[in-house]
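Everything below concerns the one structure shown next.
Nothing in this text is a laboratory measurement; each read-out follows from the coordinates by a stated rule. Owing to the predicted nature of the structure, the values given are computational and were not obtained by experimental measurement. Note: ideal-geometry Cβ built from the backbone for every residue, glycine included; neighbour counts use all protein chains shown.
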Amino acid sequence: MAEKTSNKSVFFNPFSKDNPVVVQILGICSVLAVTAKLEPAIVMGLSVIAVLAFSNVIISILRNTIPTNIRIIVQLVVVAGLVVIVSQLLEAYAYDVSKQLSVFIGLIITNCILMGRLEAFAMGNRPWPSFLDGVGNGIGYTIILVIVGFFRELLGSGTLLGFQVVPQAFYDAGYVNNGLMILPPMALIVVACIIWVQRSLNKDLQEK
Amino acid sequence: MENFNIFIRSIFVDNMIFAYFLGMCSFLAVSKNVKTALGLGVAVTFMLVITLPVNYLLQTYVLSAGALSWLGPEYAQVDLSFLSLIVFIAVIASMTQLVEMAVEKYSPSLYASLGIFLPLIAVNCAILGGSLFMQQRDFGSVWTAVCAGGGWGLGWLLAITSLAAIRERLAQYSNIPAPLRGVGITFIITALMGIAFMSFLGIKI
């Protein structure tokens, strides 16, 4: 299959047309949990890109030697190893963010994007396309994370990356931050709006 | 009594879906009808009740800092906590395999109804999430871990079953804008249910 689809489409499709979050509906848990602020959202996105790209490569190299019965355990162990490396690096160099992300770095292991891509792509393709697929899907995931994080932080706290964006004059005039945006359910609504916009643009994605 | 409180808390206040948004992937994918949703919910509950105490014991006697001191004083310095992720996921994956084989042998009818969901549970975030929360919160005993696991599982079961019931009605009676059909509307329903569940947050037990 990889030989027919070009490397370019493998890389760019996940950005919008085949986006892992809003089209394939994978990896929702972390989208909701880490996007109350923009900064953890970006860090989370970068971690997922790294883990996804390298686990895709490793599984793709091993794909002919893994016995099919135990492939899930093998995949989990590879992913878990990479996630441990990422979480140790974050604790060493970005301790505050890693505290904010708490269990969600560990939960990258069970992020459905990983299992989905490993099963659907890396098990049947050569290492280089798998690497591109991993990076592409990771970026597609990060895009959604950043959009959701942007709106939630802007409307919920009036800041972006911790800097005050909404000017003080607005507050003096009676503007109030929308506390509801910080709560997790609003992430679902924002994602639903993204889905709505995206499916209005791409009519062929709509469900009957 | 404290364990009972933790059990109730885990069902309502700390609900896996509505408070932490864990296990969303299968929550959204397998909630089209009540019967399969119920089956998956039971399987998740079962796995949480089994894996949480096992991981608790591993955490207390093998992984956490100084946990190996029962082997002898020279092991008191060992801190294996960086291995906890790999150990937890290995326990969960192998337990899933084990439970699958046991169910297949002793109750073929249950196996037939759960069949496809069992292997999927290994990658359900709610299971690993349960173990990671257990690690964060320093539970007092194995029984606390069992109660929390049961509570989280039942909370998940409650959430997925009620969402499936709503979606069944929705599919029959409502006229949703085309781009929102399917996933979009499910997200919004989940959000509304989540806001409703937030009313439990004020409860102190």
Residue exposure sequence - B:Trp152, B:Trp70, A:Trp196 - by fewest surrounding Cβ within 10 Å: B:Trp70, A:Trp196, B:Trp152
Under 15 Å between alpha carbons, and skipping anything fewer than 8 positions from B:Lys32 in its own chain: which aspartates and glutamates qualify? A:Glu207, B:Glu168
Measure nothing fancy, just the Cα-based angle from helix B:2-11's long axis to the longest principal axis of chain B, in degrees from 0 to 90, nearest 10. 40 degrees
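What ratio of Cα Rg to 2.2 N^0.38 Å holds for the stretch A:18-199?
Values: Rg = 18.0 Å, N = 182, 2.2 N^0.38 = 15.9 Å.
With N residues counted in the stretch A:18-199, Rg over 2.2 N^0.38 Å equals 1.13.
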Which of B:Gly72, B:Gly151, B:Gly39 ends up with the largest GNM mean-square fluctuation for chain B, with Cα atoms connected below 10 Å? B:Gly72
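Per-residue Cβ counts within 10 Å, from other chains only, averaged over B:15-26: what number is that? Working shown, then result.
Numbers: counts 0, 1, 1, 2, 1, 7, 12, 9, 4, 11, 12, 1.
Taking all residues of B:15-26 together, the mean is 5.
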Linear extension gain, A:Tyr171 paired with A:Gln100, 0.36 nm per residue minus alpha-carbon span: 22.8 nm
How much mean residue ellipticity at 222 nm does chain A get from its helices, if each DSSP H run of length 4 or more adds -39500 (n - 2.57) and you divide by all residues, to the nearest 500 deg cm²/dmol? -20500 deg cm²/dmol
Would you kindly derive the ³J(HN,Hα) couplings of the stretch B:125-132 from the backbone phi angles with the Karplus curve 6.51 cos²θ - 1.76 cosθ + 1.60 (θ = phi - 60°), listing them in order in whole Hz, with x for Gly and Pro? 4, 4, 5, 5, x, x, 5, 5
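By average Cβ neighbour count within 10 Å, what is the ranking of A:162-170, A:73-81 from highest down?
On the way: A:162-170: 10.4, A:73-81: 20.9.
Top to bottom by mean Cβ count within 10 Å: A:73-81, A:162-170.
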Among A:Ala41, A:Ala33, A:Ala187: highest mean-square fluctuation, GNM of chain A, C-alpha pairs under 10 Å: A:Ala33
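Provide the packing ranking of A:146-153, B:197-204, B:27-34, i.e. peptides ordered by the mean count of other C-beta atoms within 10 Å per residue, highest first.
On the way: A:146-153: 21.1, B:197-204: 12.2, B:27-34: 19.2.
Top to bottom by mean Cβ count within 10 Å: A:146-153, B:27-34, B:197-204.
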Cut-off is 10 Å between beta-carbons; in what order do A:Met186, B:Met16 appear when sorted fewest neighbours first? A:Met186, B:Met16
Taking Cα centroids, how far is the stretch A:15-76 from the stretch A:132-208 in Å? 21 Å
Among A:Pro185, A:Leu107, A:Ile73 the positive-end extreme of the charge dipole of chain A (Cβ point charges): A:Ile73
Taking beta carbons within 10 Å but only from partner chains, what does the mean come to for residues A:192-198? 5
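Can you compute the helix-only [θ] at 222 nm over chain B? Use -39500 (n - 2.57) per DSSP H run of at least 4 residues, normalise by all residues, nearest 500 deg cm²/dmol.
Values: 9 runs with 136 residues, N = 205.
Per the formula, -21500 deg cm²/dmol.
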On a straight-distance basis, which aspartates and glutamates could pair with A:Lys203 in a cross-link, Cα separation under 14 angstrom, same-chain partners fewer than 8 positions away excluded? A:Asp18
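Direction-averaged shadow area of the convex hull around the Cα atoms of the protein assembly as shown, nm²? Please list the in-between numbers first.
On the way: hull surface 95.0 nm².
Result: a mean projected hull area of 23.7 nm².
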Counting partner chain Cβ atoms within 10 Å of every residue's Cβ in B:189-196, what's the average? 5
Starting from the alpha-carbon convex hull of chain B, give the projected area averaged over all orientations, in nm². 13.7 nm²
Dipole axis of the protein assembly as shown (+1 Lys, Arg; -1 Asp, Glu on Cβ), positive-most option in B:Leu158, A:Ile25, B:Val54: A:Ile25
